[in-house]
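Here the structure is laid out as structure tokens; the discussion comes afterwards.
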Amino acid sequence: MIRVMVAEDSAVTREYLDHLLSQDPALQVIGTVQNGLEAVEQAQRLRPDVILMDVHMPLMNGYEATRQIMERIPTPIVMVSSNMSYDQVAMTFEALKAGALTVLDKPHGLGHPDSDKSASQLQETVRLMAGVKVIRRWPRRDRSAPSPTLPARAGSNIQLIVIGASTGGPTVIVEILGSLPLNFPVPILVVQHIATGFTPGLVKWVGQSTPLHVKLAESGETVQPGTVYMAPHDAQMGITKDRQIHLFKGTTENHFCPSVSYLFESVAQAFGRSAIGILLTGMGQDGAGGLLQLSKAGGVTIAQDEETSVIFGMPGEAIRLGAAQYILSPRQIAELLRGLV
């Protein structure tokens, strides 16, 4: 039985979340609290397997509560939010940076056409996150890691970098992009699996954390050096040989839209050995097959290492397939990119 604590200031929402979680026989709600201060205190007393944490709460918000819990008693935390204002979304991503694992939109109420789907997503996410081993975020683990050895093709004509990520990805993307210089001479395309409604806020948050220009990708635009293009929600993103982004709604690969593999396969066909593909932390297998195609096309392929991954599913599958030429921490990935480009 997975023991869950719910932190939510609204009594109605708190009761509804308790109800939804209790419908899953694998989940047991062992406590509910109405503010961040209580969340920190009860996390230490109850020691739940996973915490469902609202972002905006009185006395102490969800970000600060997450930061203190991860310092004192590291626990898997799932953030939930229904407010898509930038301040609220930014606080959500700061909570991820402090150690929360993922973010969900609050489940739809009874009578909504998507209520069953959102309830199932909540239950599945809580079950999966309960099994993640979390650690204190201070001090960082990989500062003394050795620098990666540059391949013989360092300095070759790299024209494009593509990145794919899921659970745990936003903070890793920020760490990598934040280490690149303002005059970085190559465009970067990113697919990040994230809950509906959070992508615009993610774009702005990442943009404030890196010297590079970060924007939501638009169909038909020509990619430019030093610019990061993030795939919009619910659209596949590819690129043509003449460097134009192609977006379309429709068929999904690996049940994801946007799909990391779709982007990687598109880049393998259009750029081949002139591209670098990076597969970061995340559940499932999306991106692994696409990274293999890029490797076969002569591109440089990188998977995040297990030690620094929140969930080793996607990079682990790529490594199993033999798709990753390098297995690196985020800091090492940034160093390799600076060296190659």
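Annotations for the structure displayed:
- Test: residue in region 80-95 that is open to solvent by 40 Å² or more (accessible area, probe 1.4 Å), closer than 18 Å to Thr167 by Cα and of a type in the set (A, V, I, L, M): yes
- Within region 100-124, considering residues that are touching a strand residue (DSSP E or B) at 6+ places or on another chain (Cβ under 9 Å) and open to solvent by 40 Å² or more (accessible area, probe 1.4 Å), the one farthest from Ala90 (Cα to Cα): Gln121
- Exactly one residue among Gln224, Gln244, Gln236 is free of Cβ contacts under 8 Å to residues at least 40 places away in the same chain and open to solvent by less than 30 Å² (accessible area, probe 1.4 Å), and that residue is Gln236.
- Looking across region 274-291 at every residue that is open to solvent by 20 Å² or more (accessible area, probe 1.4 Å) and free of Cβ contacts under 8 Å to residues at least 40 places away in the same chain, the one that is farthest from Asp234 (Cα to Cα) is identified as Gly289.
- Residue count, region 46-59 (criterion: modelled with pLDDT of 95 or more and open to solvent by 20 Å² or more (accessible area, probe 1.4 Å)): 3
- All positions within region 299-328 that are surrounded by fewer than 22 Cβ atoms within 10 Å (Cβ to Cβ), under 16 Å from the mean Cα position of the chain (by Cα) and polar (S, T, N, Q): none
- Val89 being on the phi < 0 side of the Ramachandran plot and in a strand (DSSP E or B): no
- Residues of region 92-109 satisfying the condition of being more than 22 Å from Ile176 (Cβ to Cβ) and either touching a residue at least 60 places away in the same chain (Cβ under 8 Å) or part of a helix (DSSP H, G or I) (or both): Leu104, Asp105, Lys106, Pro107, Gly109
- Taken together, the residues in region 21-49 that are within 25 Å of the chain's Cα centre (by Cα) and over 16 Å from Met79 (Cα atoms) amount to 1.
- For the residues Ala318, Ala268, Ala297, the requirement of being free of Cβ contacts under 8 Å to residues at least 40 places away in the same chain, out of contact with any Phe, Trp or Tyr (no Cβ under 7 Å at 6 or more places or on another chain) and either farther than 20 Å from Asn157 by Cβ or polar (S, T, N, Q) (or both) singles out Ala318.
- Residue count, region 204-217 (criterion: surrounded by fewer than 20 Cβ atoms within 10 Å (Cβ to Cβ) and either touching a strand residue (DSSP E or B) at 6+ places or on another chain (Cβ under 7 Å) or part of a strand (DSSP E or B) (or both)): 4
- Inside region 5-45, residues that are closer than 21 Å to Ala95 by Cα, open to solvent by less than 50 Å² (accessible area, probe 1.4 Å) and either touching a Pro at 6+ places or on another chain (Cβ under 6 Å) or in a helix (DSSP H, G or I) (or both) make up a count of 10.
- Condition check for Gly339: touching a Leu at 6+ places or on another chain (Cβ under 6 Å), among the small types (Gly, Ala, Ser) and surrounded by fewer than 24 Cβ atoms within 10 Å (Cβ to Cβ): yes
- Residues within region 162-200 that are among the small types (Gly, Ala, Ser), assigned to a loop (DSSP other than H, G, I, E, B) and open to solvent by less than 20 Å² (accessible area, probe 1.4 Å), tallied: 3
- Pairs with Cβ under 6 Å, 6+ apart, first in region 45-66 and closer than 12 Å to Val29 by Cα, second part of a helix (DSSP H, G or I): Asp49/Ala130; Val50/Val126; Val50/Met129; Val50/Ala130
The values are calculated or read from the model by the stated rules, or taken from the named source; none is laboratory data. Here the structure is a predicted model, which is why all the values come from computation and not from measurement. Glycine also receives a Cβ, built like all others from the backbone with ideal geometry; neighbour counts cover every protein chain displayed. With ligands, DNA and RNA removed, areas are computed over all heavy atoms of the protein, side chains included. Shrake-Rupley method; radii C 1.70, N 1.55, O 1.52, S 1.80 Å.
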